[in-house]
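Here is the structure we will look at, set down as structure tokens.
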Amino acid sequence: MSVTTGQLNKTTTKELNRIVLAKEELFILDVRNESDFNDWKIEGESIEIINIPYFELLDGVDAALDRIPDGKKVLVVCAKEGSSKFIAEQIVEAGRTNVHYLEGGMKSWSEHLEPVKIGDLKDGGSLYQFVRIGKGCLSYMVVSSGEAAVIDTLRMTDVFEQFAKEQGAVIKHTLDTHLHADHISGGRRLAEQTGAVYWLPPKDAGEVTFPYEKLEEGRDITVGGTKIEIQPIYSPGHTIGSTSFIVDGQYLLTGDILFIESIGRPDLAGKAEDWVSDLRNTLYNRYKELSGDLIVLPAHFGKVTELGEGGRVMARLTDLYRNNPGLNIREEDTFRRTVTENLPPQPNAYQEIRQTNMGKITPSEDEQREMEIGPNRCAVHDK
């Protein structure tokens with residue numbers, strides 16, 4: 001919701017999330033440094049955005065006024081909130097109306113999580129997707145008969161705890177499809193807080209410093225009394241341990257192997273050349289053996305165009321084999337070049353994030369937040 005104080009309005013990340021999904025018109029003035037803006041910004045189908053660094057507006061906002069359309073809703077954005085509030089106040093004093101600043105700035109936008117229901121499960125229960133719109137991360141919760149499992153849990157564990165409580169469910173399992181390199185996993189922490197079992201693929205866990213349950217084929221995980229099986233499928237390529245899940249025979253959770261408009265990159269552990277054949281085998285052989293009616297649910301999205309109705313990120317496997325460019329590269333050499341050359345920049349602080357997810361370093365909350373700032377960049381085609 002937007003809260004009015006005089007003529008200056010405060011917009012929450014929840015309201016901004018709604019605006020983006022509803023494709024409402026919005027004009028954004030981003031006052032962060034140019035390099036930060038170029039690295040990562042708020043995007044949406046009906047969003048117009050400009051960047052004028054804060055220090056260029058300290059002596060007055062005339063330069064900004066010349067570039068801001070009169071009569072449109074204007075949102076001023078900065079890293080943490082303070083600078084945008086100051087500039088927004090100046091714009092209001094200059095006589096403009098419908099001026100807002102983003103509460104908590106881009107740091108809050110990076111952390112906003114929105115749960116959306118994907119669908120019902122055959123014998124009761126539901127599957128939910130948690131959309132981290134500012135970072136492009138996706139988590140999942142299976143809820144059945146008072147029990148829940150969380151897959152690819154994000155750092156903001158309180159959101160998952162609260163949601164499970166609202167569903168009347170106890171979190172029994174937390175699972176990571178692989179050792180993440182773009183964001184800090186909340187799986188182990190959530191398991192410790194709730195008494196749940198934490199699952200991790202053993203081939204990704206060679207250097208971890210904590211106990212975990214081995215996520216391997218044949219070890220189906222049942223959630224609730226309705227016997228909803230989470231069936232792991234070994235699907236290497238993004239990492240050597242990458243594991244997918246089939247939930248309830250309906251949904252294929254692909255982690256960072258397969259996205260809606262792209263495929264996973266194999267280079268974030270420094271093993272691109274070694275893992276290319278694994279990636280191709282998973283995408284072109286292993287997944288091809290599965291039912292084309294499975295609904296693919298990835299761990300990330302790269303562009304807002306991948307967000308469907310209500311913000312859901314999902315597609316039928318058959319449709320992806322028809323439309324996803326990464327699944328339509330016939331020549332093996334061409335595939336190898338595509339996934340190893342001219343890739344997007346690697347995620348910010350990805351080495352430190354991997355070390356954190358192994359338990360080798362324990363950064364503070366502020367340090368973790370800083371490490372995660374920026375886009376996820378887990379896909380081959382996200383440039």
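Tally the residues that are of a type in the set (Val, Ile, Thr) and assigned to a strand (DSSP E or B), restricting the search to the stretch 151-172. Steps first, please.
First, the residues of the stretch 151-172 that are of a type in the set (Val, Ile, Thr): 151, 153, 157, 159, 170-171.
With the extra rule that they be assigned to a strand (DSSP E or B), the set shrinks to 151, 170-171.
Of the residues in the stretch 151-172, 3 are of a type in the set (Val, Ile, Thr) and assigned to a strand (DSSP E or B).
For the stretch 287-301, what are the residues that are open to solvent by less than 70 Å² (accessible area, probe 1.4 Å), closer than 19 Å to ILE118 by Cα and not hydrophobic (A, V, I, L, M, F, W, C)?
Hits for the stretch 287-301 are SER291, GLY292, PRO298, HIS300.
In this structure, is ILE260 at pLDDT 90 or above, part of a strand (DSSP E or B) and open to solvent by 10 Å² or more (accessible area, probe 1.4 Å)? Let's see the steps before the verdict.
Numbers: at pLDDT 90 or above: yes; part of a strand (DSSP E or B): no; open to solvent by 10 Å² or more (accessible area, probe 1.4 Å): yes.
Spelling it out, it is not the case that ILE260 is at pLDDT 90 or above, part of a strand (DSSP E or B) and open to solvent by 10 Å² or more (accessible area, probe 1.4 Å).
Are any residues in the stretch 306-359 open to solvent by 20 Å² or more (accessible area, probe 1.4 Å), in a helix (DSSP H, G or I) and under 14 Å from GLU261 (Cα atoms), and if so, which ones?
Listed by number, the residues that qualify are THR318, ASP319, TYR321, ARG322, ASN323, PRO325.
Any idea which residue in the stretch 200-220 is surrounded by the most Cβ atoms within 10 Å (Cβ to Cβ), counting only those that are touching a helix residue (DSSP H, G or I) at 6+ places or on another chain (Cβ under 7 Å), part of a loop (DSSP other than H, G, I, E, B) and not aromatic (Phe, Trp, Tyr)? Talk me through it step by step, then tell me what you get.
Keep residues of the stretch 200-220 that are touching a helix residue (DSSP H, G or I) at 6+ places or on another chain (Cβ under 7 Å), which gives 207-210, 214, 216.
Retained after the next criterion (residues that are part of a loop (DSSP other than H, G, I, E, B)): 207-210, 216.
Narrowing the set further to residues that are not aromatic (Phe, Trp, Tyr) leaves 207-209, 216.
On the way: GLU207: 11, VAL208: 16, THR209: 10, GLU216: 14.
Taking the candidates together, the pick is VAL208.
Could you give every pair whose Cβ atoms fall below 6 Å, whose first residue belongs to the stretch 179-198 and is closer than 18 Å to GLY146 by Cβ, and whose second residue is among the acidic types (Asp, Glu), counting only separations of at least 6 or pairs across chains?
VAL197/GLU213
What number of residues within the stretch 157-199 are open to solvent by less than 20 Å² (accessible area, probe 1.4 Å), of a type in the set (A, V, I, L, M) and under 17 Å from the mean Cα position of the chain (by Cα)?
So the count comes out to 4.
Taking interchain pairs and intrachain pairs at least six residues apart, which have beta carbon atoms under 9 angstrom, with the first residue in the stretch 223-234 and open to solvent by 60 Å² or more (accessible area, probe 1.4 Å) and the second at pLDDT 65 or above and of a type in the set (A, V, I, L, M)?
GLU229/ILE221; GLU229/VAL223; GLU229/ILE246; GLU229/VAL247; GLN231/ILE221; GLN231/ILE246; GLN231/VAL247
Inside the stretch 1-114, counting only strands (runs of 3 or more DSSP E) that do not spill past its ends, which hold 3 or more residues that are open to solvent by 10 Å² or more (accessible area, probe 1.4 Å), touching a residue at least 12 places away in the same chain (Cβ under 8 Å) and outside the structural domain of PHE301 (by TED's automatic domain parsing)?
On the way: elements: 2-5, 8-11, 26-30, 47-51, 74-77, 99-102.
Hits in the stretch 1-114: 8-11, 47-51.
Counting just the residues of the stretch 364-383 that are free of Cβ contacts under 8 Å to residues at least 40 places away in the same chain and more than 15 Å from LYS135 (Cα to Cα), which one comes out surrounded by the most Cβ atoms within 10 Å (Cβ to Cβ)? Steps first, answer last, please.
Step one: filter the stretch 364-383 for residues free of Cβ contacts under 8 Å to residues at least 40 places away in the same chain, giving 364-367, 370, 383.
Next, from what is left, pick out any that are more than 15 Å from LYS135 (Cα to Cα): 364-367.
On the way: SER364: 8, GLU365: 8, ASP366: 9, GLU367: 15.
Once the filter is applied, the top-ranked residue is GLU367.
Would the stretch 267-290 turn up any residue that is part of a loop (DSSP other than H, G, I, E, B), of a type in the set (D, E, K, R), under 22 Å from GLY187 (Cβ atoms) and more than 19 Å from the chain's Cα centre (by Cα)? Give the derivation first.
Kept after step one, since they are part of a loop (DSSP other than H, G, I, E, B), are these residues of the stretch 267-290: 267-271, 290.
So of that shortlist, the ones also of a type in the set (D, E, K, R) come out as 267, 271.
Within this subset, residues satisfying the condition of being under 22 Å from GLY187 (Cβ atoms) are none.
No, because not a single residue in the stretch 267-290 is part of a loop (DSSP other than H, G, I, E, B), of a type in the set (D, E, K, R), under 22 Å from GLY187 (Cβ atoms) and more than 19 Å from the chain's Cα centre (by Cα).
Can you run down the residue pairs with Cβ atoms below 6 Å, 6 or more apart or on separate chains, where the first is in the stretch 124-150 and part of a strand (DSSP E or B) and the partner is of a type in the set (Ser, Thr, Tyr)?
Listed pairs, sorted by first residue: GLN129/TYR140; PHE130/SER139; SER139/THR153; MET141/TYR128; VAL143/SER126; SER144/THR226; VAL150/THR174.
Scanning for something open to solvent by 60 Å² or more (accessible area, probe 1.4 Å), on the phi < 0 side of the Ramachandran plot and not in a loop (DSSP other than H, G, I, E, B), does the stretch 240-249 turn up at least one residue? Spell out how you get there, then give the answer.
Our first condition is that a residue be open to solvent by 60 Å² or more (accessible area, probe 1.4 Å); within the stretch 240-249, this holds for none.
The answer is no, given that none of the residues of the stretch 240-249 is open to solvent by 60 Å² or more (accessible area, probe 1.4 Å), on the phi < 0 side of the Ramachandran plot and not in a loop (DSSP other than H, G, I, E, B).
The values are calculated or read from the model by the stated rules, or taken from the named source; none is laboratory data. From a predicted model like this one, the values you see are computed outputs, not experimental measurements. Quick reminder, even Gly has a Cβ in these numbers, built from the backbone with ideal geometry, and neighbours come from all protein chains shown. Remember, those area values only see protein heavy atoms, side chains included, never the ligands or the DNA or RNA. Shrake-Rupley method; radii C 1.70, N 1.55, O 1.52, S 1.80 Å.
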